[in-house]
Amino acid sequence: MNLQDVEKITNKDTSIVIETNAINKSDYTTSTIKAKITLGEEIASIKIRGEEIEIPEKVEENGKYIYEIEKQVEENGNYKIKVETISGRTNYKIQKVSDLSEDMEIYTAEDLVKFRDRVNKGATYKGRTIKVMNDIDLRSVCSSENSWEPIGIVDNTTQDILTPFSGTFNGNNKTIDYLYINESSNVAQGLFSAIQNATILGVIIGENSNINGGNNSAGIIGYSVNSDILYCGNNANVTANGDGCAAGIVGALDGGKIIACYNKGNIVGNACVGGICGDSWRYTQEDDEKKIEIKYSYNTGRIKSTGNFAGGICGLAEGYTKIEKCYNKGKVISNNEACGGISGKLSPNRYVNKIPTHAESAKVQIIYSCNIGNVESSGKRIGGICGHNGQYCIVKNNYILTGIEIKIGTTTATKSIGEANQYIGRYVGATYDNSKTYIDGNEEITNAVNTETGDITNTVYYIVNGMSSNDSEYWDKLSPTEPKLKWELNLEK
């Protein structure tokens, strides 16, 4: 540097002023650090936490240079912003970033409340993992006078998701017990109200819990969008007082998967009532990850709809839903239409305008599943597997135990497929076109082998692998008198 340059610097204000702030994104996944740097000479370098960033264009104002920078960060902590000029002068400032969602371990009810409150303020926890470390007793935070406030928020009027959980919640097979909800006018009730693009695994709701909510109520999740629910169990009784959707695991399922889950609680609702899921649907023809699978799951609780659509696994199964390798042994009851041991109704397009051009591809399936629970209704369309099989839908390779009762009032089903008027069938109550019994070009309905023998000892294992294998990778043969999935031995307590 020559003498003339030194004189220029000496004649200017050589102070380096750094003004900073941090603005968190509304879902608390990232924060943007902003800095305004004012000084009397040009900058040679800017570093944030040791990382050199690109120097922005300068603005000259009142004989000084002004630089404005932004840096997006994903972790809480102190961020050192260091500035060095071309003459070698330096200055720095520390900007604190806080409140971003982080991986978290939950040991107590109070920890769970802190996590819940963060989600309900907008923290989605996208990309983060929450892990439950102990069994949790919620009596210190909720009771009959003080209902549990679910994780996530759904608008009670529009039923739109306002603040979902979008991370991974690992229940670690610990029991969350004494979950108490009594909010019959509120939608989407459960441990979680709403999740979206999330993973929930190993969550067990204890038998001392009770959920009494409005539409879309369940032991674990009221409303789930494009998420995976794995190895979860509900032992609580659930009641939905709205127009529909009550279940043990998920009230309303819009895309995603439920794998290896169980329900043992009694479930009651006005419509769309199921042991595992109340209502499942995917209306658009999208990638396979967003199609719905309910697999390797079972129900033993009593399922009752005071209106339509009751099923041991799913009350109403709609577009792109596949129910596979599941079983029900709980009693299923409906006071109106569409009641089945596995699902009350299968329908590709309840709302036709949602999928006007590809309803055929939106078919719903029940395959390789088993019902050994009684089914009864005071309405019509009732079946051992499915009450009403809709257009394009498939029911095949399933098993029903001969000894179960399938009846409307005092009338007991004697035929595999129901006939006009009551539509009561041991296998399926009603088809899309009841003038065609088994295969009509739109539905494929096939009875499982040996449904008339009543001998479940070997037959139940044939419902896997095309009805031909005794050595199943899914079914536990140590319990030969009833269906039992192998994973049950590892998950149940």
Practice problem: With a Förster radius of 22 Å, plug the Cβ-Cβ distance of GLU70 and SER15 into 1/(1 + (r/R0)^6) and report the FRET value to the nearest 0.05. | Solution: 0.45
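Taking the Cβ of GLY214 as the center, what net charge do the other residues with Cβ under 10 Å away carry, scoring Lys and Arg +1 and Asp and Glu -1? Don't skip to the answer; put the middle values down first.
Values: positive: none; negative: GLU183, ASP243.
Net local charge, GLY214 excluded: -2.
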Exercise. List the residues of segment 176-208 whose backbone N lies under 20 Å from a point placed 7 Å from the Cα of LEU162 along the Cα-to-Cβ direction.
Key: 181-197
Quiz item: Hey, rough spin-label estimate for THR414 and GLU110, points 7 angstrom out along Cα→Cβ, what's it come to in nanometres?
Solution: 6.8
Quiz item: Put a dot 7 Å past each Cα toward the Cβ at LYS82 and GLU61; how far apart are the dots in nm?
Solution: 2.7
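If r is the Cβ-Cβ distance from SER140 to ASP476 and R0 is 51 Å, what FRET efficiency results, to the nearest 0.05? Please list the in-between numbers first.
On the way: r = 38 Å, r/R0 = 0.74.
Once rounded, the FRET efficiency stands at 0.85.
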Exercise. Mind running the shape call on segment 193-232? Use the C-alpha gyration tensor, a ≥ b ≥ c as the square roots of the eigenvalues: rounded below 1.5 for a/c, prolate if a/b tops b/c, oblate otherwise.
Key: oblate
Self-check item: Debye log10 I(q)/I(0) at q = 0.19, 0.21, 0.28 Å⁻¹ for segment 206-277, Cα point scatterers
Solution: -0.61, -0.74, -1.21
Quiz item: Net charge near ALA35, counting Lys/Arg +1 and Asp/Glu -1 over other residues with Cβ under 9 Å of its Cβ?
Solution: +1
Quiz item: Can you pick out the pairs among LYS325/LYS407; LYS174/LYS257; LYS126/LYS304; LYS126/LYS345; LYS34/LYS291; LYS82/LYS121 whose Cα atoms lie more than 30 Å from each other?
Solution: LYS126/LYS304; LYS126/LYS345; LYS34/LYS291; LYS82/LYS121
Quiz item: Considering only the other residues whose Cβ falls under 9 Å of the Cβ of LYS80, what net charge follows from Lys and Arg at +1 and Asp and Glu at -1?
Solution: +4
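Classify segment 151-207 from the C-alpha gyration tensor, please: rounded if a/c falls under 1.5, else prolate or oblate depending on whether a/b exceeds b/c. Before the final figure, lay out the partial values.
Values: a/c = 3.96, a/b = 1.29, b/c = 3.06.
Here segment 151-207 falls in the oblate category.
Among 255-265, 156-166, 377-387, how do they line up from the highest to the lowest mean number of other beta-carbon atoms within 10 Å?
On the way: 255-265: 25.1, 156-166: 17.4, 377-387: 29.2.
So the peptides 255-265, 156-166, 377-387, ranked by packing, come out 377-387, 255-265, 156-166.
Please work out whether segment 378-431 counts as rounded, prolate or oblate from its C-alpha gyration tensor, where a ≥ b ≥ c are the square roots of the eigenvalues and a/c under 1.5 means rounded, while otherwise a/b larger than b/c means prolate and anything else oblate?
Values: a/c = 2.28, a/b = 1.18, b/c = 1.93.
It is oblate, given that a/c is not under 1.5 and a/b is not larger than b/c.
Every number in this text was worked out from the coordinates using simple rules, so none of it is lab data. Everything numeric here is computed off the predicted structure, so don't read it as measured data. Note that each Cβ is placed from the backbone with ideal geometry, even for glycine, and that neighbours are counted across all protein chains shown.
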